[in-house]
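Participant: Input: one structure, supplied below.
The values are calculated or read from the model by the stated rules, or taken from the named source; none is laboratory data. Note that this is a predicted model, so its numbers are computed, not measured. Neighbour counts are summed over all protein chains in view; Cβ atoms, including those assigned to glycine, are modelled from backbone coordinates with ideal geometry. Just the protein is used for accessible areas: all its heavy atoms, side chains included, with ligands, DNA and RNA removed. Shrake-Rupley method; radii C 1.70, N 1.55, O 1.52, S 1.80 Å.
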Amino acid sequence: MDSSLVDQQQQQQQQQPKPDHLAQDRIDLMEKKIERRPTREELEDHNVLKKTNVAPALQAKEQELERSRLEDRLEHMLERRPTREELEDHNVLKKTNVAPALQAKELELERSLLEDKLEHMLERRPTADKLLEQHILTPEDC
């Protein structure tokens with residue numbers, strides 16, 4: 001029984017890589033990973049790193065300054081933004097007191113009412129013969 005146990009241990013030791021092989025495998029793996037590592041330019045292109053020519057100690061201040069500039073520009077644009085009344089006067093927005101979710105239905109209803117009114121007026125329109133009788137049209141006009 002002891003001999004079989006010893007045999008098993010020997011087989012396991014032979015199957016396990018030697019510590020030198022493990023270290024070399026790790027080194028090889030790390031070298032492969034370093035070779036595939038993206039360059040600084042690639043990281044900047046993918047916005048992982050910021051593109052900057054400023055010293056690292058000043059990068060935070062540069063970002064703060066850029067954010068402040070952006071906020072100021074946005075605030076200025078919002079101040080110049082036309083009011084709702086101006087947009088309504090220029091027919092950019094419709095003058096309405098209806099909730100935005102219902103505005104499309106309101107427009108559809110207005111159009112439907114206009115169509116109905118036009119259809120009704122066309123039905124009541126006098127014929128060419130009646131206009132001739134009333135001397136509104138001449139035979140040449142027909």
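Participant: Could you tell me whether ASN97 is open to solvent by 100 Å² or more (accessible area, probe 1.4 Å), on the phi > 0 side of the Ramachandran plot and out of contact with any Lys or Arg (no Cβ under 6 Å at 6 or more places or on another chain)?
Facilitator: Judged against the criteria, ASN97 is not a match.
Participant: Still on this model: Quick check: anything in segment 72-91 within 25 Å of the chain's Cα centre (by Cα), at pLDDT 90 or above and in a loop (DSSP other than H, G, I, E, B)?
Facilitator: Looking through segment 72-91, at least one residue is within 25 Å of the chain's Cα centre (by Cα), at pLDDT 90 or above and in a loop (DSSP other than H, G, I, E, B).
Participant: Please tell me if LYS32 is touching an Asp or Glu at 6+ places or on another chain (Cβ under 9 Å), modelled with pLDDT under 95 and open to solvent by 100 Å² or more (accessible area, probe 1.4 Å).
Facilitator: Considered against the rule, which asks whether it is touching an Asp or Glu at 6+ places or on another chain (Cβ under 9 Å), modelled with pLDDT under 95 and open to solvent by 100 Å² or more (accessible area, probe 1.4 Å), LYS32 comes out as no.
Participant: I'd like to verify a number: residues in segment 19-71 that are of a type in the set (Val, Ile, Thr) and either assigned to a helix (DSSP H, G or I) or touching a residue at least 24 places away in the same chain (Cβ under 8 Å) (or both), how many?
Facilitator: Result for segment 19-71: 2.
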